[in-house]
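Chemist: I am attaching a structure below and will ask some questions about it afterwards.
The values are calculated or read from the model by the stated rules, or taken from the named source; none is laboratory data. Bear in mind the structure is a predicted one, so any value in this text is a computation, not a measurement. Glycine gets a Cβ as well: all are built from the backbone with ideal geometry, and neighbour counts include every protein chain shown.
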Amino acid sequence: MSRVFPMAAGPVAALRDVSIGIAEGEYLGVVGPSGCGKSTLLHVLGCVDVPTTGPIKFQGRDVSGLSDSDRSRLRLREIGFVFQRFFLLPMLTAFENVELPQAEAGVARTERRARARELLDFVGLGPPRRPSSFRAVRRRDAAGCDCPRAREQAAAAAGGRTDGRAGSGDGRANHLPPDRLHADGTSVVVVTHDPAVASRARRLITMRDGRIVEDSTR
Amino acid sequence: MTCTRVAAAAPAIVINRRLARSAHLATGGRLQLRCGDKGSALPPATFVISGIVDFPFDDAGARTAATSLDDIARLCGETNDDRSEILLVRSRAGAGAGVAAAAIHAALPHLHVVTNEELVERFSRVEFSYFRQISVVLATVTLFFGFLLIAVLLTVSVNQRLGEVAALRALGFSRWRVVAGVLIESVILVFTGGLLAIPLGRRCPCGWTTSCGRCPACPPICTSSRSSHARSFCTSRLLAIAALAAAAYPMRIVGTLPIAATLRREVVS
């Protein structure tokens, strides 16, 4: 697949003839210099963006031609993100932040509350507090709670993707949400500049100029 | 009118003290009057002063003279056809103005008979319409500035939360869900303002009507409950339109937000 952005100075190819398959439960790291197409690849894999050419198959189904609302539904039920900037809603508690996507997915109130409590306990965040009161690593952990909920909501869920840059620059590797997600059997894609984070992935892809130049498995 | 002393027989006239003093006139004297300015083509007429009187509605410096309508008509070259523009009739105690008006109309069908109540009602409908026009203009200006304020507020607020909106979209919130969120914010802002302002706006004119309730010229602002319901419906509709209009641009921003590009921009910035 390829992804070309039309720009004023001429089209820019962020992805060039990229072909990649990610198995269920796989832990994939993506590294490369800035501007090589890592984020674009993540957005396309996460169905946030659509490729200019080529198909995207999710569980064997071509999702590149889905409508915006169908892609939203797919993301809501099957895919999760941990953003570098977390994007937690500051007016809500961490508990409510975790509960919110589940409410959007139509999970019953008692069920989603129990699940939110379980997820916050899982990352070590206890009573409901405002995200602003957390240190950065705690905010990331709260944001990471969105990922397992995606898997839990759908009965046949199989994949979750995480922007692993959330963990960059943090020495407490045992707190990284991708590790926890992967330990739980979720497929994880981590985009990072941090070699320590990248080293935890079993499979590592190196990108340059919109192409995959190296694909290694350890 | 201009006046000078004359010495000839003429119709009677009464004058006020100031005129008598300034022209050195006394009862029995004669006064020549001309209709219009000095250059008027009408001939002057001579009057005999039959009395020096006080007119209750005179200004302090007024020089006033009064004579019969016939003599005034002769002086000014008009024919007196003895017609009245308006006749005021007082009804008998206990009979009521409506009964009197009906009786007059039955006796003299060519007369246009109206009671005070009918006259006031007509004033309310026609003469006081400018009150309503001013109200409409003020309400429109207020609504427009309210719309502008909320539109700017929402636009700024949405622009500051583009990252959050893009994140919610990436997590699977549909386009319509985030657009509806902005609309709900607008509705809450507009209707909260309305809930505070409408009771105040209602109370003021009602108090005014009560305080000047004895004055028949006051337009009836507080009317029946039916018209109150109609006004409430109209107000709610205006508020809903204002909320929708104020949210239109922010909704467009959110609705057309490119998720991937916004996330990239928010992370890089």
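Chemist: I'd like to check something: does the range A:54-73 contain any residue that is crowded, with 21+ Cβ neighbours inside 10 Å, modelled with pLDDT of 90 or more and not hydroxyl-bearing (Ser, Thr, Tyr)?
Modeler: We begin by selecting, within the range A:54-73, every residue crowded, with 21+ Cβ neighbours inside 10 Å; these are A:71-72.
Subsequent filtering for residues that are modelled with pLDDT of 90 or more retains A:71-72.
Adding the requirement that they be not hydroxyl-bearing (Ser, Thr, Tyr) leaves A:71.
Scanning the range A:54-73, I find at least one residue that is crowded, with 21+ Cβ neighbours inside 10 Å, modelled with pLDDT of 90 or more and not hydroxyl-bearing (Ser, Thr, Tyr), so the answer is yes.
Chemist: Before we move on, is A:VAL31 more than 24 Å from B:PHE173 (Cα to Cα), touching a residue at least 40 places away in the same chain (Cβ under 8 Å), crowded, with 16+ Cβ neighbours inside 10 Å and over 14 Å from the mean Cα position of the chain (by Cα)?
Modeler: In short, yes.
Chemist: Then there is this: Sort out which residues of the range B:141-176 are among the aromatic types (Phe, Trp, Tyr), buried (at least 16 other Cβ atoms within 10 Å of the Cβ) and more than 43 Å from the chain's Cα centre (by Cα), and write them in order of number. Outline the logic, then answer.
Modeler: In the first step, residues of the range B:141-176 are kept if they are among the aromatic types (Phe, Trp, Tyr); the result is B:144-145, B:147, B:173, B:176.
When the remaining residues are screened for being buried (at least 16 other Cβ atoms within 10 Å of the Cβ), the result is B:147, B:173.
Correct list: B:PHE173 only.
Chemist: State whether one or more residues within the range B:217-226 are at pLDDT below 85, loosely packed, with under 12 Cβ neighbours inside 10 Å, in a helix (DSSP H, G or I) and on the phi < 0 side of the Ramachandran plot.
Modeler: Scanning the range B:217-226, I find at least one residue that is at pLDDT below 85, loosely packed, with under 12 Cβ neighbours inside 10 Å, in a helix (DSSP H, G or I) and on the phi < 0 side of the Ramachandran plot, so the answer is yes.
Chemist: Count, please, the residues in the range B:19-55 that happen to be at pLDDT 90 or above, basic (Lys, Arg) and surrounded by fewer than 17 Cβ atoms within 10 Å (Cβ to Cβ).
Modeler: 1
Chemist: Oh, and also: Does B:LEU239 satisfy the criteria of being surrounded by 14 or more Cβ atoms within 10 Å (Cβ to Cβ), away from every other protein chain (no Cβ under 14 Å), in a helix (DSSP H, G or I) and modelled with pLDDT of 90 or more? Break it down into steps so the answer makes sense when it comes.
Modeler: Details: surrounded by 14 or more Cβ atoms within 10 Å (Cβ to Cβ): yes; away from every other protein chain (no Cβ under 14 Å): yes; in a helix (DSSP H, G or I): yes; modelled with pLDDT of 90 or more: no.
The answer is no for B:LEU239.
Chemist: Does any residue of the range B:130-137 turn out to be within 46 Å of the chain's Cα centre (by Cα) and within 21 Å of A:GLN102 (Cβ to Cβ)? Write out each step before concluding.
Modeler: First pass over the range B:130-137, keeping only residues within 46 Å of the chain's Cα centre (by Cα): B:130-137.
Within this subset, residues satisfying the condition of being within 21 Å of A:GLN102 (Cβ to Cβ) are none.
Scanning the range B:130-137 turns up no residue that is within 46 Å of the chain's Cα centre (by Cα) and within 21 Å of A:GLN102 (Cβ to Cβ).
Chemist: Please specify each residue of the range A:85-100 satisfying the condition of being within 16 Å of B:ARG169 (Cα to Cα), facing chain B (nearest Cβ under 9 Å) and in contact (Cβ under 8 Å) with a residue 40 or more places away in the chain. Walk me through how you get there before you give the answer.
Modeler: Within the range A:85-100, the first condition is being within 16 Å of B:ARG169 (Cα to Cα), and the residues that meet it are A:85-89, A:97-100.
Restricting the remaining residues to those that are facing chain B (nearest Cβ under 9 Å) gives A:85-89, A:100.
Passing the criteria: A:PHE86, A:PHE87, A:LEU88, A:LEU89.
Chemist: If you take the residues of the range A:101-126 that are touching a residue at least 40 places away in the same chain (Cβ under 8 Å), under 24 Å from A:VAL48 (Cα atoms) and not polar (S, T, N, Q), which of them is nearest to the other protein chains (Cβ to nearest Cβ)?
Modeler: The residue in question is A:PRO101.
Chemist: For the range A:1-28, give me the residue count where each residue is part of a loop (DSSP other than H, G, I, E, B), crowded, with 17+ Cβ neighbours inside 10 Å and not aliphatic (A, V, I, L, M).
Modeler: Selection size over the range A:1-28: 1.
Chemist: Here is a follow-up. Can you tell me how many residues within the range B:159-183 are within 14 Å of chain A (Cβ to nearest Cβ) and under 16 Å from B:ALA247 (Cα atoms)? I'd like the intermediate steps shown before the answer.
Modeler: Residues of the range B:159-183 within 14 Å of chain A (Cβ to nearest Cβ): B:160-181.
Pick out the ones that are also under 16 Å from B:ALA247 (Cα atoms) and you get B:160-162, B:165, B:175-181.
Final tally of qualifying residues: 11.
Chemist: Hey, could you check the range A:47-77 for residues that are acidic (Asp, Glu) and closer than 19 Å to B:ALA166 by Cβ and say which is farthest from the other protein chains (Cβ to nearest Cβ)? Steps first, please.
Modeler: Filtering the range A:47-77 down to residues acidic (Asp, Glu) leaves A:49, A:62, A:68, A:70.
From the residues that got through so far, the ones that are closer than 19 Å to B:ALA166 by Cβ too are A:49, A:68, A:70.
Working: A:ASP49: 4, A:ASP68: 6, A:ASP70: 10 Å.
Result: A:ASP70.
Chemist: Among the residues of the range A:75-92, write down those that are crowded, with 18+ Cβ neighbours inside 10 Å and either assigned to a loop (DSSP other than H, G, I, E, B) or touching a strand residue (DSSP E or B) at 6+ places or on another chain (Cβ under 8 Å) (or both).
Modeler: Selection gives A:GLU78, A:ILE79, A:GLY80, A:PHE81, A:VAL82, A:PHE83, A:GLN84, A:ARG85, A:PHE86, A:PHE87, A:LEU88.
Chemist: Within the range B:226-265, which residues are farther than 24 Å from B:LEU195 by Cβ and of a type outside the set (Ser, Thr, Tyr)? Please lay out each step first, then the result.
Modeler: Of all residues in the range B:226-265, those farther than 24 Å from B:LEU195 by Cβ come to B:249, B:252-265.
B:ARG252, B:ILE253, B:VAL254, B:GLY255, B:LEU257, B:PRO258, B:ILE259, B:ALA260, B:ALA261, B:LEU263, B:ARG264, B:ARG265 - these are the residues of the range B:226-265 that are farther than 24 Å from B:LEU195 by Cβ and of a type outside the set (Ser, Thr, Tyr).
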